[in-house]
Every structure is written in structure tokens, then in C-alpha cells.
1. Would you mind counting up the charge near F:SER34? Only other residues with Cβ under 13 Å from its Cβ, with Lys and Arg at +1 and Asp and Glu at -1.
2. ³J(HN,Hα) across the range F:72-77 via Karplus (A = 6.51, B = -1.76, C = 1.60, θ = phi - 60°), whole Hz, x for Gly/Pro?
3. Against the longest alpha carbon principal axis of chain D, how many degrees, from 0 to 90 and to the nearest 10, is the axis of helix D:18-27 turned?
4. Taking the radius of gyration and the Kirkwood hydrodynamic radius from Cα positions alone, what is the Rg/Rh ratio for the protein assembly as shown, to two decimal places?
5. Provide a whole-number value for the mean count of partner chain Cβ atoms within 10 Å of the Cβ atoms in peptide A:79-89.
6. If a/c stays under 1.5 just call it rounded; otherwise compare a/b with b/c (prolate if a/b is bigger, oblate if not). Do that for the range A:2-97, with a ≥ b ≥ c from the square roots of the Cα gyration tensor eigenvalues.
7. Charges only on Cβ, +1 for Lys and Arg, -1 for Asp and Glu: so what's the dipole of the protein assembly as shown about the Cα centre, in debye to the nearest 20?
8. For D:ILE9, what residues show an amide H to amide H distance below 5 Å, using hydrogens built from the backbone and excluding near sequence neighbours?
Amino acid sequence: MKLAVFKSDFRTGGDMLDRLSAEKLGIIFVGNGIYHAAVKDAGAADPVLQKSANFYVLAEDLEVRGFNASQVPGNVKVVTYDDVVDLIFNEYEKLVWV
Amino acid sequence: MKLAVFKSDFRTGGDMLDRLSAEKLGIIFVGNGIYHAAVKDAGAADPVLQKSANFYVLAEDLEVRGFNASQVPGNVKVVTYDDVVDLIFNEYEKLVWV
Amino acid sequence: MIKKIAFIIRSLPYKTEASRLAMTHAIASQTVEIYLEDGQNVEPIVALVGDGVMNGLKSQSAKCYGVSTLEQHTKNGLLLDLPIMYCKEDVERLGLTEDSLIMDADDLGGDMKARIVPMSEINAALATATHLQIF
Amino acid sequence: MIKKIAFIIRSLPYKTEASRLAMTHAIASQTVEIYLEDGQNVEPIVALVGDGVMNGLKSQSAKCYGVSTLEQHTKNGLLLDLPIMYCKEDVERLGLTEDSLIMDADDLGGDMKARIVPMSEINAALATATHLQIF
Amino acid sequence: MGKITIGAFPGLVGSLSLDFAVKLSEAAVKKGHSVDFWVSSNGTMLSKKGQRAFKDYSVLYKTLEELFKTGRFQACACEACAEARGYHKEDTMDGWIRKSMDWYLASCYNADRVLLIGGE
Amino acid sequence: MGKITIGAFPGLVGSLSLDFAVKLSEAAVKKGHSVDFWVSSNGTMLSKKGQRAFKDYSVLYKTLEELFKTGRFQACACEACAEARGYHKEDTMDGWIRKSMDWYLASCYNADRVLLIGGE
């Protein structure tokens with residue numbers, strides 16, 4: 001299946017993400033999930049970013065928290081609410097929120 | 001200081017607990033904090049229980065979640081709401097909730 | 001046409017309403033037909049995963065708080081023929097066994113049995129669902 | 001008599017109201033005297049600890065959501081002379097620097113400076129407080 | 001054009017998760033999609049009439065009023081969840097309907113996409 | 001006998017954290033202590049008049065009614081937090097007062113113990 005996971009928290013939900021499997025996996029960082037893309041905890045790359053998936057981060061949720069697109073790793077695409085709507089309807093079939 | 005920490009969650013708050021220091025430390029497991037006392041995750045003793053502290057667990061919160069006093073390690077005292085009131089007023093001066 | 005909708009429960013019970021809501025919304029499939037056309041129906045799949053397996057623990061007693069327990073909700077789900085799966089890896093990780101979990105609603109006259117299955121099997125079931133939801 | 005009350009912020013901003021509430025309640029110390037006797041007062045201590053240091057990050061923009069930012073709250077706290085401490089170990093762990101954090105309210109005419117201090121110093125300050133609260 | 005059902009369960013006034021749900025609805029409706037919006041549990045707070053604007057809160061009811069006007073947005077609150085919290089019919093903001101949980105399942109049945117915002 | 005101020009901030013109807021706060025108040029008052037109970041943010045839901053009892057929710061308002069009768073229990077809701085959510089004076093359960101946040105700080109000043117229930 002083509003699954004998009006909205007990762008909305010920084011410190012929880014990783015266990016659930018590890019258990020799911022999908023042929024095509026998208027991980028969309030929203031809310032406090034954006035810290036996965038914006039921060040290196042203790043200098044280490046975030047383990048979520050090591051997954052085999054397409055990564056997206058919501059621009060508005062970066063900005064409200066004091067970050068911007070230039071601080072995000074190259075393999076994470078910065079998207080708007082508009083883009084998220086297109087991802088939902090055109091790229092993925094099933095959606096979950098953790 | 002004499003500090004009582006109400007540990008109300010299982011998967012979060014440990015980082016805060018690690019940062020606090022007190023001459024006398026009490027850790028009172030309430031709410032979903034009771035899993036620290038009731039469960040061995042992957043067979044390992046819970047790291048919180050290794051701390052130098054007095055441990056308590058609220059009987060009512062064990063029972064609602066399907067556990068009882070016999071399932072709790074010997075170094076954790078099972079207490080009631082009544083006991084918690086006495087701990088608060090007689091044993092500890094400052095209280096925090098994580 | 002029957003569409004499967006998956007209710008994946010990863011939350012511990014009681015601190016929030018998440019797992020309770022999963023169960024009550026899944027059970028609402030019993031009456032969904034009034035909103036649908038002939039031949040249409042919803043078939044829920046309930047999967048308890050991660051710490052969520054704790055929702056099915058026996059001997060929950062909510063006397064003190066005066067609320068229904070998640071044990072009761074699990075049993076009601078089985079009584080109403082909802083398929084309920086526990087993730088085997090998580091059951092084992094948390095030191096639980098079949099004996100410690102609600103596996104049937106025999107005492108209420110229910111026929112459906114819960115199953116403890118590997119996560120791979122839960123993922124296979126999720127692949128057959130039209131929509132997924134995580135609580 | 002002046003009593004110190006500590007507001008310890010460990011929560012990330014926005015997902016919940018926790019850190020916002022810490023700031024608004026600490027700032028309410030400005031008007032608490034109306035409820036107290038002569039000579040009595042409350043002195044807040046604000047400590048940003050763990051992930052909570054993120055609340056003081058510069059350049060927060062809430063245009064999209066139309067709410068006040070935690071950056072503004074941090075600055076307001078300094079403007080109103082609240083002592084604000086960031087935990088040094090956490091600032092470093094998360095790759096932040098003094099430049100990336102709100103350290104003063106100079107542009108608003110405030111005198112108070114925030115300080116980045118080791119957790120041991122925060123603990124020493126907490127020991128002087130009558131009551132502690134974690135948000 | 002498609003239909004998405006968004007469920008906001010433990011979504012709360014003061015949490016940007018609820019803002020996310022409303023902003024996503026707005027973006028979807030602007031693109032011509034239709035949205036069913038279901039609130040349950042504490043999410044029913046969003047349907048309360050008479051909310052006041054303060055600078056510490058985003059003012060979601062104004063966005064909802066605009067969304068209702070488009071005709072491509074339906075919002076429904078779980079009736080029992082609302083009653084339990086003391087929100088009766090007369091407490092409900094204009095535009096909202098109140099139904100039991102089977103309404104939500106039927107909406108999911110007829111939706112191209114479902115997003116349940118469940119985590120707290 | 002002492003006084004404890006309990007703050008329930010993001011405490012929610014449907015979360016047993018709020019039940020904990022009420023049960024602890026009850027136990028403290030029974031032992032002769034006095035309790036100031038402050039709700040802020042979504043915790044203000046507890047002060048809403050007209051809540052209905054359902055089996056999936058504990059019925060905290062009944063315990064509160066008993067506590068008010070003892071004369072050793074005060075409950076106060078943050079006024080702005082309540083207004084933001086559409087709870088006006090006439091929506092407030094009997095026995096509750098509504099004040100701004102400085103009331104809570106003054107209560108803390110005069111309390112022997114303070115317990116803020118803040119985590120979600």
C-alpha cells in the first residue's frame with residue numbers, strides 16, 4: 001500500500017512507525033514532528049530520517065517554531081498545506097497520524 | 001530539599017526526573033506511571049527503579065489498569081489516596097508532576 | 001460493498017481517551033447501515049499494538065473511578081463479533097500471556113475469539129483495509 | 001515576605017498549551033499583590049529545561065496560525081523582569097547557541113537578561129523556591 | 001475532486017493539532033475537494049458557541065464560518081461526547097450538526113481519504 | 001492541618017489525570033486539610049455547567065458538589081481561558097468562582113503545598 005504517516009510528535013510515536021510496513025512510505029513531519037527534521041539531538045542524525053521513505057516537512061510548522069527551510073536536510077522536502085492536500089489525494093492512499 | 005515527584009506517564013518525563021536533585025527524593029507512580037512498577041519491558045528492570053529514592057505506587061491506579069499489589073517489586077510501597085495526602089503533608093515539602 | 005476500516009490502538013488506557021474512542025467508534029459499525037445504501041457496510045479491524053496491548057488486560061477494576069473499563073470494551077467488541085488482534089511481539093515484550101488477556105466473550109455468550117498474531121500478520125490485515133486510523 | 005515560585009518548562013511549544021501557561025502564570029505575578037497583604041509578594045523563577053529550551057528560540061513566526069509566539073512570551077517575561085534560565089546542557093545538546101535564543105528584551109526597553117546556566121545552578125535556584133511546578 | 005474525512009479526536013482548543021485539522025480542511029476545500037470534519041471526545045470543544053478571541057488562541061471559529069459557506073464542508077460533533085461535557089444543542093455553533101459515532105463511520109465509508117488525528 | 005493548592009492545567013474531561021486531582025482533593029479534605037483547586041486552559045472544562053453522566057466518563061461534578069459543602073474546598077477557573085472556550089459566567093457550575101491567574105499565584109503563596117498537574 002501507499003502509506004503517508006503524519007509524524008506530529010518528537011519524542012513519541014517512533015515505535016508505531018517501526019511496526020508499520022508499506023510498499024510506498026511517506027513521512028510528513030507536522031506539529032512537533034518538525035523537530036525530527038530541524039534538530040540534531042546530541043549531534044546525531046535523527047533515526048527516523050534513516051528509514052526508507054519519502055520525507056516532507058510542513059513549512060508553516062517549521063516557521064512557527066523558529067526554523068526555516070534552509071535548516072532542513074536535503075532529503076526532506078519542505079511543503080505547504082496546499083502541497084499536503086496534493087500528497088494526500090495524488091501520492092498516497094492511506095493516511096495515519098502518530 | 002525533600003521532593004516528591006508524581007510520575008504520571010510511562011514513556012515520557014524520565015529526562016526531567018534525571019535532571020532534578022533533592023536530598024530526599026520520593027517517586028510516586030500514579031496514572032500511567034504505574035507501569036514503571038507493574039511491567040518489565042523486554043524483561044529488564046525499569047531504569048527509574050534504579051534511582052536512589054523512596055518509591056510508592058497508587059493502589060487505585062494499579063487496579064484500574066489490571067494489576068495488583070502482589071505484582072509490584074518489594075522496594076515499591078503500595079499506597080492509597082489517603083496515604084498520598086500524608087506523604088504530601090508529612091514527608092515531602094515540594095511536589096512536582098511529570 | 002463492504003469496506004474494512006482499521007482501528008490501530010497504540011495508546012495505554014485511561015490517561016487519555018484514545019483507546020476508549022477506538023473501541024467505541026469501532027463498535028459503532030453495528031449501526032452504521034442506517035447511513036448507507038443497501039449492500040454497503042463497514043467491517044472494522046481492531047489491532048492492539050505496542051503499549052496498546054495493555055488495553056486488553058484482564059482484572060481491570062474501575063470501582064474507584066466509576067467508569068467503564070477497557071477490559072469491558074474489549075469484551076464488548078468480541079461479543080459484537082469485532083475481529084481483535086494483539087501484536088505477538090508486544091505481548092511477549094511486556095511479559096503478558098494469553099491467560100492475562102481478554103481472548104473471548106464466552107461468559108456473555110459471544111463466539112468471536114481474539115488472536116495473538118505477529119506484527120507481519122497485522123500488517124497484512126491492514127493492507128486489506130480501505131482506511132487506517134491510529135489511536 | 002517574598003516567596004519564590006518556580007516555573008520549570010520542559011515541554012516543546014505549541015502542541016500543547018503547557019509552556020504558554022507557564023509563561024502567562026509567571027507573568028501574573030505582576031498583579032498578585034492585590035490578593036496579598038502588605039509586604040507579601042511572589043517572585044517567579046523561570047527555568048527552561050530539556051526540550052523546553054526550544055520555547056526561547058528566535059524567529060518564531062505564527063502568522064499562519066494567528067497566535068502569539070512563545071518567543072514573544074519569553075521576551076515579555078524579560079521585559080517584566082522575570083529571571084529566565086536556560087539549561088546549558090540542553091542548549092548544547094540541541095545544537096543551540098546564545099545567538100539563537102532570546103536573551104534580552106533590549107528592543108522593548110527591558111533590562112533583565114536571560115542566562116544559560118548548568119543544570120546544577122538551576123537546581124540550586126529551585127532549592128530556594130517555596131513551590132515548584134513543571135510544565 | 002475527492003472527499004476527505006478528518007477526525008479530530010482528542011484535539012483541543014489551545015493545541016495546534018486542531019489548527020492543523022482546520023487549516024488542512026481549508027486547503028482541501030480551496031482546491032475543490034470536499035471535507036467531512038468529525039470531532040469527538042475533547043475535540044467537541046471546537047463546536048462550542050460563543051468562543052472569544054484572545055491573542056493566545058487562534059480563532060478557528062472564523063475559519064469554520066467561512067468553510068461552511070463553501071458548501072463543501074460539513075462539521076459534525078459526537079453528540080454523547082458533547083453532552084457529557086455539558087454542551088447541549090443550544091450551546092452548538094451555527095453550521096455544526098451533532099450525531100452519534102456511526103455518522104463518522106459512514107462518512108469514512110464514502111471518503112476517498114481518511115485522516116484521524118488521534119495522538120495527544 | 002494544612003492547605004494544598006492543586007492546579008489542573010491541561011487536565012481534561014476523559015483523562016484520569018483530572019480524576020486524580022479531584023480524588024486527591026477529596027482525600028485531603030476528609031483528613032481536615034483545605035484545598036484550593038485551580039483549573040486553567042482545557043482544565044476549565046471541569047467548571048462547565050450541565051455535564052451529563054455517561055458510563056464512559058467518571059462523574060466528577062457530583063464529587064465537587066460534595067466538596068463545596070465541606071467549606072474547606074474552593075474551586076476557581078481561569079476566566080480568560082474559560083471565555084476563550086465559550087464558557088461564560090452563566091455556563092459555570094454552582095460553587096465555582098472565576099478569576100485571573102494572579103488568584104492562583106496568591107493561593108500558592110498561602111499554601112503549604114502546591115501540586116501542579118501539568119503534563120499531558
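Any read-out appearing in this document is the output of simple, stated calculations on the displayed coordinates, not a laboratory observation. Nothing here was measured: the structure is a model prediction, and the numbers come from that model. Methodologically, a virtual Cβ is constructed for each residue, glycine included, from the backbone with ideal geometry; neighbour enumeration extends over all protein chains shown.
1. Surrounding charge for F:SER34 is +2.
2. Working through the residues one at a time gives 10, 9, 10, 10, 9, 9 Hz.
3. Orientation of helix D:18-27: about 40 degrees from the principal axis.
4. Here Rg/Rh amounts to 0.94.
5. Taking all residues of A:79-89 together, the mean is 5.
6. Taking the square roots of the gyration eigenvalues as a ≥ b ≥ c, the range A:2-97 is oblate.
7. 340 debye
8. Here D:ALA47, D:LEU48, D:VAL49, D:PHE135 satisfy the definition.
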